[in-house]
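Some notes on the structure that comes next.
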Amino acid sequence: MSLQSLPDSGHRQLQNCTLNPYKDIQKLRRVQAYLKKINKPASPDGDVIDCVPSHLQPAFDHPQLKGQKPLKPAVRPKGHNLTEAVSESFQLWRDTGESCPKGTVPIRRTTEQDILRASSVRRYGRIRRHVRRDSTSYGHEHAVVFENGDQYYGARASLSVWAPRVTNEYEFSLSQIWIISGSFGNDLNTIEAVVCSCFFQVSPELYGDNYPRFFTYWTSDAYQTTGCYNLLCSGFVQTNNKVAIGAAISPRSSYNSRQFDIGLMVWKDPKHGHWWLEFGPGLLVGYWPAFLFSHLRSHANMVQFGGEIVNTRSSGFHTSTQMGSGHFAEEGFRKAAYFRNLQTVDWDNNLVPLTNIHLKADRANCYDIRQGRNRVWGTYFYYGGPGRNVRCP
């Protein structure tokens, strides 16, 4: 049906008005079924997940990726016990059994409100300022285990998922794995694979709520102009149709009750040189192309596991934003957050235990860390804290 204007009057007449009600209804039903298939309803966390054709995801806006298709990894690291129980849901949007069709990837829809919460459109989806990971400058505080002094081709751990309280929208709390190369200057390269409250992260500014969310971040120039969270710029190539980066994690651990943890692994594919991300029981999420980086094109020189918060001191004293469960490491299992089965990937694509471990808590009276080892959990640590307390004014 089309509308055309008559040249000699202010009226319009209908042309080609032949209707076939049955055909039109059938077509409408097919359209509605297709839209239902590709446009998922809002999940319990309020997110809308779009099923985007793989070749149209943001990564392929990059000049070096235009016209290409997502790759498959050559081989996972040796010593990795792959679990194929991939039907279990780890995100709220999948609790009803939803997933995207083959050939598409699920992408959390960015809203106008998301962008308005940022300091500017240009800075949306990026860390707000130059951050030095080796200091507490700019209000970033850490409780981490790290290893350096060798060449690293990946890292793996399982970490407990909590929903730490974040005091205001300009702060966040995260637990993650860092893959780092370069110095803590302008040439720093990092890959950060995390659930965000950042592996998990709670960030009211980025997401508008206090749900713990699965996130990624990368930079090749120490957070100055390159890189972003999730799929908010050209970079990370997603290959999985069941995991939505930036979506909420479910279930979560409860104090003195059930504990829930998820495995994460980042490793360098020895065939193509890209850095791959695995989430949960063998779910390959996607990869960071090697050309994004300078130092990380060959290997990392440091791996780091643990928690980070931002302390804005908005009320004139230390923030009450929690890290991990919001309880100190000394409280142990069911009460403090943990990482377990820490491993790195060596030059021959083998998963190996950490051998040169260092612990760092920037403000131990606010957030601390305790490391241990046993036969079941391998190398592990508890970490976290409540932030402001009588010993952390």
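The values are calculated or read from the model by the stated rules, or taken from the named source; none is laboratory data. This is a predicted model, so every value here is computed, not measured. Cβ sites come from the backbone with ideal geometry, for glycine too, and all protein chains shown count toward neighbours. SASA here: full protein model, heavy atoms, side chains in, ligands and nucleic acids out. Shrake-Rupley method; radii C 1.70, N 1.55, O 1.52, S 1.80 Å.
By definition, a body whose alpha carbon gyration tensor gives a ≥ b ≥ c is oblate when a/c is 1.5 or more and a/b is not larger than b/c, and the stretch 242-324 fits this oblate description.
Could you please state how large a percent of the accessible area of the stretch 295-389 is carbon and sulfur, counting protein chains only and using a 1.4 Å probe? On the stretch 295-389, the fraction of accessible area on carbon and sulfur atoms equals 42 percent. Once backbone amide H atoms are built at 1.01 Å from N, His140 has Asn311 as its partners under 5 Å, excluding neighbours fewer than 5 places away on the same chain. Amide H to amide H, with H built 1.01 Å from N, Arg165 comes under 5 Å of Gln322, counting only residues 5 or more places away or on other chains.
Phi angles across the stretch 288-305 convert, under the Karplus curve 6.51 cos²θ - 1.76 cosθ + 1.60 with θ = phi - 60°, into 3J(HN,Hα) values of 9, x, 4, 5, 5, 10, 9, 5, 6, 5, 9, 6, 9, 10, 7, 10, 9, 10 Hz, Gly and Pro given as x.
Here the Karplus curve 6.51 cos²θ - 1.76 cosθ + 1.60, taken at θ = phi - 60°, turns the phi angles of the stretch 357-373 into couplings of 7, 10, 10, 9, 10, 4, 9, 5, 7, 9, 8, 10, 8, 9, 10, x, 8 Hz, with x standing for Gly and Pro. Quick check on my link table: of Lys72/Lys102; Lys242/Lys268; Lys69/Lys242; Lys27/Lys66; Lys66/Lys271, which ones sit more than 25 Å apart, alpha carbon to alpha carbon? Check vs 25 Å cut-off fails for Lys27/Lys66. Among the chymotrypsin sites (Phe, Trp or Tyr not before Pro) in the stretch 262-367, which ones are in a DSSP loop with at most 14 other Cβ atoms within 10 Å of the Cβ? Mind listing them? When the chymotrypsin sites (Phe, Trp or Tyr not before Pro) of the stretch 262-367 are filtered for loop state and at most 14 Cβ neighbours within 10 Å, Phe317, Phe333, Trp347 remain.
Here the Karplus curve 6.51 cos²θ - 1.76 cosθ + 1.60, taken at θ = phi - 60°, turns the phi angles of the stretch 212-220 into couplings of x, 10, 7, 9, 9, 8, 8, 8, 10 Hz, with x standing for Gly and Pro. Only sites in a loop by DSSP and with at most 12 other Cβ atoms within 10 Å count here; which trypsin sites (Lys or Arg not before Pro) in the stretch 342-377 make the cut? Answer by residue number: Arg375. Scanning residues 5 or more positions from Val52 or on other chains, those with amide H under 5 Å from its amide H are Val105, Ile107, with H placed 1.01 Å from N in the peptide plane.
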